[in-house]
Amino acid sequence: MSDRMSATRARPRPKHVPQRTCVGCRSTSAKRELIRLVRTPAGDVQPDPTGKRPGRGAYLCQDPECWERAIKKGRLENALSTRLSPEDVENIHRFRAERTGVDAS
């Protein structure tokens, strides 16, 4: 019985990788692979590159089409339980352009 226990202890457990869903395409990926947007307690929507800011969050993958789809179809507003102001949309487009290298449109 002791041989069996030592064999169990010899194998390390795999580390848990948190999974999140992109609100644009509904695909699931590791949390670190997605970009978090957060509705702050003040009510504005901002990018959260660290993933640690307080507030309600939503995740988007790197695909620029997902960002457009999430904004145009209202998925981002629904996930964040808020209305996006024109300034919020502009900030999101600017951040996306910086992060993904795609021009803000």
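Just so you know, all these numbers are worked out from the coordinates, no wet-lab data involved. Given the structure is predicted, the values throughout are model-derived calculations rather than measurements. Note that we place each Cβ from the backbone using ideal geometry, even for glycine, and neighbour counts take in every protein chain shown.
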(message) For Lys31, give me every one of the aspartates and glutamates with a C-alpha distance below 16 angstrom, ignoring sequence neighbours fewer than eight places off in its own chain.
(response) Asp48, Asp63
(message) Placing +1 on the Cβ of each Lys and Arg and -1 on the Cβ of each Asp and Glu in the chain, which of Ala30, Ser81, Pro14 has its Cα farthest towards the positive end of the resulting dipole?
(response) Pro14
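List the trypsin sites (Lys or Arg not before Pro) within the range 42-105 that fall in a DSSP loop (any state other than H, G, I, E or B) and whose Cβ has at most 14 other Cβ atoms within 10 Å.
Details: sites: Lys52, Arg56, Arg69, Lys72, Lys73, Arg75, Arg83, Arg94, Arg96, Arg99; in loops: Lys52, Lys73, Arg83.
Within the range 42-105, the qualifying trypsin sites (Lys or Arg not before Pro) (loop, at most 14 other Cβ atoms within 10 Å) are Lys52, Lys73, Arg83.
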(request) Rounded, prolate or oblate: pick one for the range 18-100, where a ≥ b ≥ c are the square roots of the eigenvalues of its C-alpha gyration tensor, a/c under 1.5 means rounded, and failing that, prolate if a/b is larger than b/c, else oblate. (result) rounded
(message) For the range 18-100, give me the percentage of DSSP beta bridges that are antiparallel, rounded to the nearest 5 percent.
(response) 90 percent
(message) For a quick check: with amide H placed at 1.01 Å from N, whose amide H comes under 5 Å from Arg56's, ignoring anything fewer than 5 positions away on the same chain?
(response) Arg39
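Can you give the local net charge around Arg83? Use residues other than it whose beta-carbon is closer than 13 angstrom to its beta-carbon, Lys and Arg +1, Asp and Glu -1.
The answer is -3.
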